[in-house]
Amino acid sequence: MKFGILVNEGPYQHQASDTAFNFTKAALDKGHEIIRVFFYHDGVNNGTRLTTPPQDDRNLVNQWSELAKEHELDLVVCVAAAQRRGIVDEDEAKRHGKSADNIAEGFHISGLGQLIEMGIKADRVMAFGD
Amino acid sequence: MGNGVKKFMYVNRRAPYGTIYALEGLEVVLIGAAFDQEVCMVFVDDGVFQLKKGQDTAESNMKNFSPTYRALGDYDVNKLYVEKESLEQRGMSEDDLLELTYEDEDDDYKEKPSIRIVNREELADLMEQQDVILNY
(Lines give C-alpha, C1' and ligand atoms only; values in the text may rest on other atoms or scores of the structure.)
Protein backbone atom coordinates (compact mmCIF):
# COMPACT_ATOMS: atom_id res chain seq x y z
CA MET A 1 0.00 0.00 0.00
CA LYS A 2 1.08 3.58 -0.66
CA PHE A 3 0.97 5.62 2.52
CA GLY A 4 1.23 9.38 2.97
CA ILE A 5 2.23 10.44 6.48
CA LEU A 6 1.17 13.75 8.03
CA VAL A 7 2.87 14.88 11.24
CA ASN A 8 1.04 17.72 12.98
CA GLU A 9 2.82 18.02 16.31
CA GLY A 10 6.35 18.80 17.43
CA PRO A 11 8.77 16.25 18.87
CA TYR A 12 9.07 15.65 22.64
CA GLN A 13 6.13 17.94 23.51
CA HIS A 14 3.85 15.37 21.95
CA GLN A 15 4.10 11.67 21.19
CA ALA A 16 2.66 12.09 17.70
CA SER A 17 6.12 12.40 16.11
CA ASP A 18 7.31 9.19 17.77
CA THR A 19 4.19 7.33 16.71
CA ALA A 20 4.47 8.66 13.16
CA PHE A 21 8.12 7.61 13.04
CA ASN A 22 7.37 4.13 14.40
CA PHE A 23 4.47 3.70 11.97
CA THR A 24 6.60 4.82 9.03
CA LYS A 25 9.39 2.43 9.97
CA ALA A 26 6.99 -0.48 10.52
CA ALA A 27 5.24 0.14 7.21
CA LEU A 28 8.57 0.20 5.36
CA ASP A 29 9.67 -3.00 7.14
CA LYS A 30 6.48 -4.67 5.93
CA GLY A 31 7.23 -3.65 2.35
CA HIS A 32 4.75 -0.78 2.04
CA GLU A 33 5.62 2.40 0.22
CA ILE A 34 5.82 5.77 2.00
CA ILE A 35 5.32 8.32 -0.74
CA ARG A 36 6.00 11.30 1.51
CA VAL A 37 6.14 12.44 5.12
CA PHE A 38 4.67 15.92 5.41
CA PHE A 39 5.34 18.05 8.49
CA TYR A 40 2.75 20.69 9.33
CA HIS A 41 1.79 22.90 12.28
CA ASP A 42 4.36 22.36 15.09
CA GLY A 43 5.35 19.18 13.24
CA VAL A 44 7.86 21.33 11.34
CA ASN A 45 9.97 21.29 14.52
CA ASN A 46 10.91 17.73 13.64
CA GLY A 47 13.11 19.24 10.95
CA THR A 48 15.62 21.38 12.84
CA ARG A 49 19.12 19.99 13.25
CA LEU A 50 19.69 22.26 16.27
CA THR A 51 17.61 19.85 18.35
CA THR A 52 19.77 18.59 21.20
CA PRO A 53 17.95 16.23 23.55
CA PRO A 54 19.68 14.73 26.61
CA GLN A 55 22.07 11.96 25.63
CA ASP A 56 20.07 9.21 27.29
CA ASP A 57 16.95 10.11 25.26
CA ARG A 58 16.04 9.39 21.65
CA ASN A 59 17.02 11.94 19.02
CA LEU A 60 13.93 12.08 16.83
CA VAL A 61 15.39 14.47 14.27
CA ASN A 62 18.35 12.17 13.68
CA GLN A 63 16.03 9.18 13.54
CA TRP A 64 14.07 10.80 10.71
CA SER A 65 17.27 11.79 8.90
CA GLU A 66 18.67 8.27 9.13
CA LEU A 67 15.43 6.64 8.03
CA ALA A 68 15.24 9.07 5.11
CA LYS A 69 18.76 8.19 4.03
CA GLU A 70 18.13 4.47 4.29
CA HIS A 71 14.84 4.49 2.36
CA GLU A 72 15.19 7.66 0.25
CA LEU A 73 12.19 9.13 2.05
CA ASP A 74 10.67 12.41 0.94
CA LEU A 75 10.55 14.46 4.16
CA VAL A 76 8.74 17.73 3.43
CA VAL A 77 8.41 20.64 5.84
CA CYS A 78 5.65 23.14 5.05
CA VAL A 79 7.21 26.48 4.16
CA ALA A 80 4.55 28.74 5.71
CA ALA A 81 4.43 26.78 8.96
CA ALA A 82 8.24 26.63 9.01
CA GLN A 83 8.69 30.37 8.53
CA ARG A 84 6.42 31.10 11.49
CA ARG A 85 8.45 28.76 13.67
CA GLY A 86 11.98 29.60 12.52
CA ILE A 87 12.81 26.52 10.45
CA VAL A 88 14.86 27.62 7.42
CA ASP A 89 17.07 26.09 4.77
CA GLU A 90 19.91 27.91 3.04
CA ASP A 91 17.69 29.51 0.37
CA GLU A 92 15.07 30.66 2.86
CA ALA A 93 17.74 32.07 5.17
CA LYS A 94 19.21 34.07 2.31
CA ARG A 95 15.81 35.27 1.08
CA HIS A 96 14.79 36.54 4.50
CA GLY A 97 18.18 37.87 5.54
CA LYS A 98 18.72 35.37 8.35
CA SER A 99 22.21 34.67 9.64
CA ALA A 100 21.91 30.88 9.57
CA ASP A 101 19.82 27.96 8.45
CA ASN A 102 18.81 25.00 10.59
CA ILE A 103 17.12 22.44 8.38
CA ALA A 104 18.14 18.88 9.25
CA GLU A 105 19.63 16.41 6.79
CA GLY A 106 17.08 14.66 4.59
CA PHE A 107 14.35 17.30 5.12
CA HIS A 108 13.38 19.90 2.59
CA ILE A 109 11.08 22.88 2.65
CA SER A 110 8.19 23.07 0.22
CA GLY A 111 4.59 24.22 -0.08
CA LEU A 112 1.22 22.95 1.08
CA GLY A 113 0.56 21.70 -2.44
CA GLN A 114 2.80 18.78 -1.53
CA LEU A 115 0.30 17.79 1.18
CA ILE A 116 -2.62 17.85 -1.24
CA GLU A 117 -0.64 15.97 -3.87
CA MET A 118 0.23 13.38 -1.22
CA GLY A 119 -3.49 12.96 -0.52
CA ILE A 120 -4.19 12.47 -4.21
CA LYS A 121 -1.39 9.96 -4.81
CA ALA A 122 -1.52 7.92 -1.61
CA ASP A 123 -3.86 5.00 -1.06
CA ARG A 124 -4.17 6.24 2.49
CA VAL A 125 -3.11 9.32 4.43
CA MET A 126 -2.24 8.74 8.06
CA ALA A 127 -2.33 11.87 10.22
CA PHE A 128 -0.54 12.01 13.56
CA GLY A 129 -1.50 14.64 16.12
CA ASP A 130 -4.32 15.68 18.41
CA MET B 1 -8.21 5.47 -7.71
CA GLY B 2 -5.62 6.46 -10.34
CA ASN B 3 -6.07 9.91 -11.79
CA GLY B 4 -9.68 10.33 -10.70
CA VAL B 5 -10.85 13.16 -8.52
CA LYS B 6 -10.74 12.41 -4.81
CA LYS B 7 -13.04 13.55 -2.08
CA PHE B 8 -11.24 15.72 0.46
CA MET B 9 -12.87 16.65 3.75
CA TYR B 10 -11.37 19.25 6.06
CA VAL B 11 -12.66 18.86 9.59
CA ASN B 12 -12.37 21.87 11.89
CA ARG B 13 -12.79 21.03 15.55
CA ARG B 14 -11.16 23.90 17.38
CA ALA B 15 -11.94 27.51 18.28
CA PRO B 16 -10.48 30.07 15.84
CA TYR B 17 -8.04 31.64 18.28
CA GLY B 18 -6.07 30.14 21.15
CA THR B 19 -4.30 27.69 18.87
CA ILE B 20 -3.14 28.05 15.30
CA TYR B 21 -4.95 24.96 13.97
CA ALA B 22 -7.92 26.84 12.51
CA LEU B 23 -5.79 29.40 10.67
CA GLU B 24 -3.33 26.88 9.29
CA GLY B 25 -6.17 24.51 8.48
CA LEU B 26 -7.78 27.22 6.37
CA GLU B 27 -4.48 27.75 4.54
CA VAL B 28 -4.54 24.09 3.47
CA VAL B 29 -8.06 24.48 2.08
CA LEU B 30 -7.12 27.58 0.06
CA ILE B 31 -4.01 25.96 -1.44
CA GLY B 32 -5.89 22.69 -1.99
CA ALA B 33 -8.55 24.48 -4.03
CA ALA B 34 -6.06 24.76 -6.91
CA PHE B 35 -6.01 20.97 -7.30
CA ASP B 36 -9.57 20.56 -8.61
CA GLN B 37 -10.59 17.88 -6.16
CA GLU B 38 -14.01 17.43 -4.59
CA VAL B 39 -13.79 19.42 -1.41
CA CYS B 40 -15.94 20.01 1.65
CA MET B 41 -15.35 21.47 5.09
CA VAL B 42 -16.85 20.40 8.38
CA PHE B 43 -17.23 22.44 11.55
CA VAL B 44 -17.80 20.50 14.75
CA ASP B 45 -17.21 20.96 18.47
CA ASP B 46 -15.57 24.36 19.14
CA GLY B 47 -14.87 24.53 15.40
CA VAL B 48 -18.33 26.08 14.95
CA PHE B 49 -16.94 29.27 16.57
CA GLN B 50 -14.72 29.72 13.51
CA LEU B 51 -17.79 30.75 11.52
CA LYS B 52 -19.22 33.09 14.14
CA LYS B 53 -20.37 36.50 12.94
CA GLY B 54 -18.82 39.69 14.27
CA GLN B 55 -15.44 38.41 15.39
CA ASP B 56 -13.32 41.20 16.86
CA THR B 57 -9.76 40.38 17.81
CA ALA B 58 -8.50 43.95 18.18
CA GLU B 59 -7.78 43.70 21.88
CA SER B 60 -6.19 40.26 21.82
CA ASN B 61 -3.51 41.15 19.25
CA MET B 62 -4.54 38.18 17.11
CA LYS B 63 -5.07 38.41 13.37
CA ASN B 64 -8.80 38.24 12.61
CA PHE B 65 -8.86 35.84 9.69
CA SER B 66 -12.63 35.28 9.64
CA PRO B 67 -13.10 37.47 6.50
CA THR B 68 -11.10 34.80 4.63
CA TYR B 69 -14.03 32.38 4.93
CA ARG B 70 -15.94 34.72 2.61
CA ALA B 71 -13.41 34.01 -0.13
CA LEU B 72 -14.03 30.25 -0.05
CA GLY B 73 -16.95 30.48 -2.48
CA ASP B 74 -14.66 32.02 -5.11
CA TYR B 75 -12.32 29.06 -4.64
CA ASP B 76 -15.17 26.62 -5.37
CA VAL B 77 -15.22 25.54 -1.75
CA ASN B 78 -18.95 25.74 -1.24
CA LYS B 79 -19.91 22.82 0.97
CA LEU B 80 -19.45 23.88 4.57
CA TYR B 81 -21.17 21.41 6.88
CA VAL B 82 -21.86 22.65 10.39
CA GLU B 83 -22.94 20.12 12.97
CA LYS B 84 -26.30 20.92 14.53
CA GLU B 85 -25.50 19.31 17.88
CA SER B 86 -22.28 21.31 18.25
CA LEU B 87 -24.18 24.56 17.63
CA GLU B 88 -26.91 23.65 20.11
CA GLN B 89 -24.46 22.63 22.82
CA ARG B 90 -22.96 26.13 22.56
CA GLY B 91 -26.30 27.95 22.57
CA MET B 92 -25.87 28.92 18.94
CA SER B 93 -27.96 28.70 15.81
CA GLU B 94 -27.44 29.32 12.11
CA ASP B 95 -28.27 33.01 12.72
CA ASP B 96 -25.02 33.38 14.67
CA LEU B 97 -22.93 32.31 11.69
CA LEU B 98 -21.36 34.28 8.85
CA GLU B 99 -23.52 34.49 5.77
CA LEU B 100 -21.37 32.65 3.27
CA THR B 101 -22.44 32.23 -0.32
CA TYR B 102 -21.18 31.01 -3.66
CA GLU B 103 -22.27 31.48 -7.24
CA ASP B 104 -23.63 28.25 -8.68
CA GLU B 105 -22.23 28.07 -12.22
CA ASP B 106 -24.61 25.21 -13.03
CA ASP B 107 -27.61 27.36 -12.12
CA ASP B 108 -27.07 30.67 -13.94
CA TYR B 109 -24.58 31.84 -11.29
CA LYS B 110 -27.32 32.16 -8.72
CA GLU B 111 -26.03 33.07 -5.28
CA LYS B 112 -26.55 30.20 -2.87
CA PRO B 113 -25.64 29.60 0.78
CA SER B 114 -22.46 27.58 1.38
CA ILE B 115 -23.30 26.64 4.96
CA ARG B 116 -25.41 23.55 5.47
CA ILE B 117 -26.51 22.46 8.92
CA VAL B 118 -26.32 18.69 9.34
CA ASN B 119 -26.84 16.43 12.30
CA ARG B 120 -24.28 14.03 13.72
CA GLU B 121 -25.68 11.04 11.88
CA GLU B 122 -25.65 12.80 8.51
CA LEU B 123 -22.08 13.90 9.18
CA ALA B 124 -21.03 10.33 9.90
CA ASP B 125 -22.49 9.28 6.54
CA LEU B 126 -20.62 12.10 4.79
CA MET B 127 -17.36 11.09 6.42
CA GLU B 128 -17.91 7.54 5.28
CA GLN B 129 -17.88 8.76 1.66
CA GLN B 130 -14.52 10.57 1.78
CA ASP B 131 -11.15 9.52 0.41
CA VAL B 132 -8.98 11.89 2.44
CA ILE B 133 -9.94 13.47 5.76
CA LEU B 134 -7.66 16.11 7.23
CA ASN B 135 -8.66 17.41 10.62
CA TYR B 136 -7.50 20.37 12.62
Taking the stretch B:8-36 and keeping only residues that are closer than 20 Å to B:ASP125 by Cβ and within 10 Å of chain A (Cβ to nearest Cβ), one is left with B:PHE8, B:ARG13
Restricted to the stretch B:17-43 and to residues being among the charged types (D, E, K, R) and in contact (Cβ under 8 Å) with a residue 12 or more places away in the chain, the residue nearest to A:ALA82 (Cα to Cα) is B:GLU24
By residue number, the members of the stretch A:1-36 that are of a type in the set (A, V, I, L, M) and out of contact with any helix residue (DSSP H, G or I) (no Cβ under 6 Å at 6 or more places or on another chain) are A:MET1, A:LEU6, A:ALA16, A:ALA20, A:ALA26, A:ALA27
Residue hits (the stretch A:103-130; at pLDDT 95 or above and charged (D, E, K, R)) are A:GLU105, A:GLU117, A:LYS121, A:ASP123, A:ARG124
Restricting attention to the stretch A:23-65, the residues that are of a type in the set (Ser, Thr, Tyr) and within 14 Å of another protein chain (Cβ to nearest Cβ) number exactly 1
Flagged in the stretch A:90-129 as in a strand (DSSP E or B), within 12 Å of chain B (Cβ to nearest Cβ) and not polar (S, T, N, Q), in numbering order, are A:ARG124, A:VAL125, A:MET126, A:ALA127, A:PHE128
Note on the stretch B:70-122: residues within 14 Å of the chain's Cα centre (by Cα), aromatic (Phe, Trp, Tyr) and more than 16 Å from B:VAL11 (Cβ to Cβ) are B:TYR75, B:TYR102
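Here's the yes/no breakdown for (1) loosely packed, with under 13 Cβ neighbours inside 10 Å; (2) free of Cβ contacts under 8 Å to residues at least 40 places away in the same chain; (3) among the small types (Gly, Ala, Ser):
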site	(1), (2), (3)
B:ASP45	no, no, no
B:LEU51	no, no, no
B:ASP56	yes, yes, no
B:ASN78	no, yes, no
B:GLU83	no, no, no
| field | Flag for A:THR52 being out of contact with any helix residue (DSSP H, G or I) (no Cβ under 9 Å at 6 or more places or on another chain), of a type in the set (Val, Ile, Thr) and over 21 Å from A:VAL125 (Cα atoms) | value | yes
Residue hits (the stretch A:40-60; hydroxyl-bearing (Ser, Thr, Tyr) and in contact with a strand residue (DSSP E or B) (Cβ under 6 Å, 6 or more places away or on another chain)) are A:TYR40
Scanning the stretch B:87-117 for residues that are within 21 Å of B:GLN130 (Cα to Cα) and of a type in the set (Gly, Ala, Ser) gives B:SER114
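The values are calculated or read from the model by the stated rules, or taken from the named source; none is laboratory data. Quick caveat, the model's predicted, so the values are computed rather than measured. Positions of Cβ are backbone-derived with ideal geometry, glycine not excepted, and every protein chain shown enters the neighbour counts.
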